[in-house]
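Q: Have a look at the structure that comes next, please.
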Amino acid sequence: MLHVVVKDNRALYEREIEEFYRLRKAVFVDELGWDIPVSEGGLEIDQYDDDEAVYGFSFDAEQQLTMACRYRPTDDRSLLTDIFAHAIAPGTPDPTGPGVWEITRGICLESGGARHNQRRRACNMITPLELARAAGGTKCIAFAEVRLLPLFMQMGWRITLLGDPTDFGQGTGIAFEIDASDVAIAKIRRDFDLPEQGYIKLMPDTTDPRSIHERAAELALQSSLTASLQPQENDIREVAQNAMRTIANTKLNQRAFDFVRRNQATPLSATA
């Protein structure tokens, strides 16, 4: 299951947070060529890694990060509107505000097309929507490479575009929002057979000497549904490949954009 890391439990995840920052440098800077600052220690950290930032971490059977992402409420600021405001179509209402969460710096190194792997990835897709909904919101926002949006939609995100594709220097990105309504969340749960809550949030406990992985396993094994989301020995943890850059070409980006534009979110009924 996904571990949710907030300000109040970060002390439990100091090693994992640093690993996330190093992975971000390896993926976004070294492999994808993004022109973003890196610390002398090889960490990719920015101004949105503050006390309001929430991290979602999934681990493989060897307790290494295999999926990770950053979520953050947008009631004070937003990477999208601060840095990529030009990607939002003129006349579009401000997509940020109370209850709206932003999804950034997502990494998925767990491959495999088995149902087990799909369900684990779906936990990572549904968690920011659950967090936004718990905060009283009904949507999340993001800016991502155009070529990735069809994959996001296949994993259950109901996307509405906020503008057209735009060149950000190292690729072609697009601004969009994701439906985080109760109906949209329930549909992902049904489609991927997920538990009522797809994440766990461990809190510091001075009386419990166990590791976060031991504590999480105990919680996951309380039901067969959550136990089935535990990492397996044959799960494959990939590393980013330089070939990722070569597929971000104009033709494929246009195909992805056309697909998303045709299949944007339409109203869902309560029984969808």
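The values are calculated or read from the model by the stated rules, or taken from the named source; none is laboratory data. Computed from a predicted structure; not experimentally measured. Note that each Cβ is placed from the backbone with ideal geometry, even for glycine, and that neighbours are counted across all protein chains shown. Ligands, DNA and RNA are excluded from the accessible area calculation, which covers all protein heavy atoms including side chains. Shrake-Rupley method; radii C 1.70, N 1.55, O 1.52, S 1.80 Å.
Q: Given Cβ point charges of +1 (Lys, Arg) and -1 (Asp, Glu) and nothing else, what value in debye, to the nearest 20, does the dipole of the chain about its Cα centre take?
A: Working: 30 positive and 41 negative charges, 218 e Å.
The calculation lands at about 1040 debye.
Q: Can you list residues from other chains, or at least 5 along the same chain, whose modelled amide H is less than 5 Å from the amide H of residue 114?
A: For residue 114, whose amide H was placed from the backbone, there are no distant partners under 5 Å.
Q: Along the charge dipole of the chain, Cβ charges K/R +1 and D/E -1, which of 203, 81, 47 sits furthest on the positive end?
A: Value computed over the given set: 81.
Q: When the accessible area of the chain is split by element with a 1.4 Å probe, what percent falls to carbon and sulfur?
A: 51 percent
Q: Applying a 10 Å radius around every beta-carbon, put 193-199, 176-182 in order of their mean neighbour count, most first.
A: Highest-to-lowest ranking by the protection proxy: 176-182, 193-199.
Q: If you don't mind, there's one more thing I want to ask. Can you put 49, 30 in order of accessible area, largest first, using a 1.4 Å probe?
A: 30, 49
Q: Taking region 1-143, how much of its Cα-Cα pair set, in percent, is spaced more than 18 angstrom apart?
A: Beyond 18 Å sits 59 percent of the P(r) for region 1-143.
Q: Something else: Check cross-link reach from residue 201 to the lysines: straight Cα distance under 25 Å, and skip same-chain residues fewer than eight apart.
A: In chain and number order, the partners are 7, 139, 187.
Q: So how exposed is residue 160, as accessible area in Å² (1.4 Å probe, rounded to 10)?
A: Looks like 50 Å² after rounding.
Q: What's the magnitude of the charge dipole for region 151-243 around its Cα centre, counting Lys and Arg as +1 and Asp and Glu as -1 at the beta-carbon? Answer in Debye, nearest 20.
A: For this selection, approximately 100 debye.
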